[in-house]
1. Could you give me the residue pairs with C-beta distances under 6 Å whose first residue belongs to the stretch 151-179 and is in contact (Cβ under 8 Å) with a residue 12 or more places away in the chain, whose second residue is open to solvent by 90 Å² or more (accessible area, probe 1.4 Å) and within 12 Å of the ligand (Cβ to nearest atom) wherever it lies, and which are 6+ apart or on separate chains?
2. Residues 199, 184: which one is open to solvent by less than 20 Å² (accessible area, probe 1.4 Å), part of a strand (DSSP E or B) and of a type outside the set (D, E, K, R)?
3. I need the full set of residues from the stretch 203-215 which are touching a helix residue (DSSP H, G or I) at 6+ places or on another chain (Cβ under 8 Å) and either closer than 16 Å to residue 101 by Cα or near the ligand (Cβ under 6 Å from one of its atoms) (or both), in order please.
Amino acid sequence: LFVPQELAENAVIEASREQSHYLSHVLRLAEGAELLLFNGRDGEWLARIEAKAKKSVRLRAVERTRPQPPLPDLVYCFAPLKQGRLDYLVQKAVEMGASVLQPVVTQHTQIARPGIERLRANAVEAAEQCGILAIPEVREAQKFDRLLADWDSERRLIFCDEDASTNNPLLALQAITERKLALLVGPEGGFSDAERRQLRALPFVTAIPLGPRILRADTAAVAALAVIQATVGD
Ligand code: SAM
C-alpha cells in the first residue's frame, strides 16, 4: 500500500479515508493484521494494523522488508489519448519501467490538457499493483516544440516512427550509449510531416520502427517499452 508518510521502525501511519475503507471493509483486515507499505523513498516496510475505528485505520511500521531500489531513468513522452485509453497507457508505462511520464501536445494530439491528477492516481495504483516501490513522476503537459527546445542533450530520445522501416530497432537501441533515455510515441493521428522532419534532424534522436503494421498509440507504447526493456532498459 502506498503511504506518503515517512517509514521507519515504530512509525505510526494513519491510513487515508479511502485506504481505511479498503482495509476494513474490502479486505476486512482485523487489528494485528500485517501488510506491506511503501512511500517511494524508504523501501518496503512490514506494518501491522494497530487500531481500527469506524472510518480510520492506524498502522505501525515494524521492519523494512526491501531496500529502496534505484529508480530506472526512463522518461516516457506521449501524446495524451482519450481518458480510458490514457489510464491504460499510464498503467502499462509504469509496469514497464517508466520513471517519468511526460504528456506532449503535438499537432494532431486529441487531448491537449489531460487530467494530471487522474494520471498521478493511476501511476500510484499501477506502482502498488506491480510492487515497484517507487512512484513515477507525472509532469504537466508540454508543447512539442518546447519539449525539444529544452531537451537535455545527455538524454537519448527514442522516437517511434512507422516510417523508420530502414532501421533495425534492436541494432539502433544497442548502439545507444547514453544511460539517460526517453521514449516518444505519437498521437492517434500520428506526427505531422514537419514534426517528423524536426525529430529526425535532432542529434539526440534515434528513430525506431515497431514492425510493418500501424499500431495504436497505446499498443506502440507497450511494444516500444518492451523492446527498450529487452535491450537497454533497467
Ligand atoms: N501515423 C499513423 C497513421 O497516420 O495512421 C497513426 C499513428 S499511430 C496510431 C500512433 C503512434 O504510434 C505513431 O505516431 C508512432 O509513434 C507509433 N507507431 C505506430 N505504429 C508504429 C510502427 N509500426 N513503428 C513505429 N512506431 C509506430
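The values are calculated or read from the model by the stated rules, or taken from the named source; none is laboratory data. Since the model is a prediction, treat every value here as computed from it, not as a measurement. Please note: Cβ atoms are built from the backbone with ideal geometry, for glycine as well, and neighbour counts cover all protein chains shown. What goes into the accessible areas is simple: the full protein's heavy atoms, side chains included, and nothing from ligands, DNA or RNA. Shrake-Rupley method; radii C 1.70, N 1.55, O 1.52, S 1.80 Å.
1. What qualifies is 162/214.
2. Every option except 184 fails the conditions.
3. 209, 210, 211, 215, listed by residue number.
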